[in-house]
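Here the structure comes first, spelled out in structure tokens, and everything after it is commentary.
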Amino acid sequence: MASSAQPPAATGDGGPDGESLAGGGEAFGDRSLSQGLSVLVGLGLCVTMLGLGCAVELGQLGQQLRRPVGLLLALLGQFVAMPLLAFLLALIFALDEVAAVAVLLCGCCPGGNLSNLMSVLVDGDMNLSIIMTASSTLLALFLMPLCLWIYSRHWINTAVVQLLPLGAVSLTLGSTLLPIGLGVLIRYRHPRAADLLVKISLWSLLVTLVILFILTGTMLGPDLLAHIPASVYAIAVLMPLAGYALGYGLATVFKMPPHCRRTVSLETGCQNVQLCTAILKLTFPPELIGGMYMFPLLYALFQSAEAGLFVLVYKMYGRDSYKQDTLGEEEDTDISYKKLKEEEVADTSYGTVTTEEHNSIQMEPTQTAL
């Protein structure tokens, strides 16, 4: 393990990509900046998990557990499809061990809160979206370290994989259970406060990512682009796009309605990049995270842009059909009601029944114009 104590030397053998990714790590070695980023990432993750807990209602959770379709889709999408996709992309683009670990970490993460917001914008199933996000977060406590262990075998002889702190990953995931549980309790006792916290968590997600981009760019300086190879940019573009497609296909296999397909699609492609950033920042030595640290930020940028395009296309072309389907259902109900009223009128057209004193009943003929 003596060689493992020299991270910069260990990452220098990965070829051009490895050198570029390892470069810039010295900037993250600044203790004050590193500690500041650690605090920011930790607080951002706590607020995000608190907002996720505030979005979960116990009644809906019980219904989903009785019919665990959302749980099953979260399992297949987040811990079967996405880790396998990350592994295949790392092999196809021949990534070195540093970049591969970053991609695998992002691929093995649970779903993120961005999918909940996007599901609202595409008229998706919000209950399904929230349950999938919460379920994948809880499942990640056991399945994320398992997936990382399985898919990192290809790079097992490299120092960075030998440094992969699976125990620390589990500890970081376990620490997210407290804010989630607190959020569920707030939702149960103070629903209005929970609604406010959900909005705050969504804004904190955006603000935290923007701050991280600015601070990272400042620390790495003008050489930022030189530290990241084109293959990593390509994966950051392709991975969320492929995730959206896989999610939609998975929901189609389960024969789900269109609005649920859109929901599952967004849930599968949107990863919890704040959790990925926290794991990279809090569990790896600062000298190693220079290049790795940027991948979840790039993924967040492209997953948001592509989800935004998804929403734009739906608003332009898909929403009309959604409204027509909804109106069609309402029209069918109205027609049935009108027919029922007409039948009632037809039944009483021959006469009306009136009651008089002494409980007598008379039939009064109705005059009909000839």
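Taken together, the values in this text are just the output of simple stated rules run on the coordinates, not laboratory data. Because the structure is a prediction, the values reported are computed rather than measured. Heads up, the Cβs are rebuilt from the backbone with ideal geometry, glycines too, and the neighbour counts pull from every protein chain shown.
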request  = Report the charge-dipole magnitude of region 81-239 in Debye, nearest 20, computed about the Cα centre from +1 at each Lys and Arg Cβ and -1 at each Asp and Glu Cβ.
outcome  = 460 debye
remark   = Simple spin-label estimate for ILE92/SER175, 7 Å along Cα→Cβ, in nm, reads 3.5 nm
key: Among PRO110, GLY308, LEU138 - extreme Cα towards positive end, dipole of region 42-316, charges at beta-carbon   = LEU138
message = Below 8 Å, C-alpha to C-alpha, sequence gap of six or more: please give me the relative contact order for region 46-182 in percent.
response = 38 percent
note = At 4 °C in a medium of viscosity 1.567 mPa s, region 42-316 has a Stokes-Einstein diffusion coefficient, with Rh taken as the Kirkwood radius over alpha carbon pairs, in µm² per second, of 70 µm²/s
request  = Along Cα→Cβ, 7 Å out, is where each label goes; now give me the distance between the ones at LEU84 and ARG192 in nm to one decimal.
outcome  = 4.9 nm
ask   = In percent, what relative contact order does region 42-316 have, based on Cα pairs under 8 Å that are 6 or more apart in sequence?
value = 33 percent
request  = Between ALA234 and ARG67, with labels modelled 7 Å along Cα→Cβ, what's the label distance in nm to one decimal, could you check?
outcome  = 4.4 nm
Rounded to the nearest 20 debye, dipole of region 42-316 from Cβ charges on Lys, Arg, Asp, Glu = 760 debye
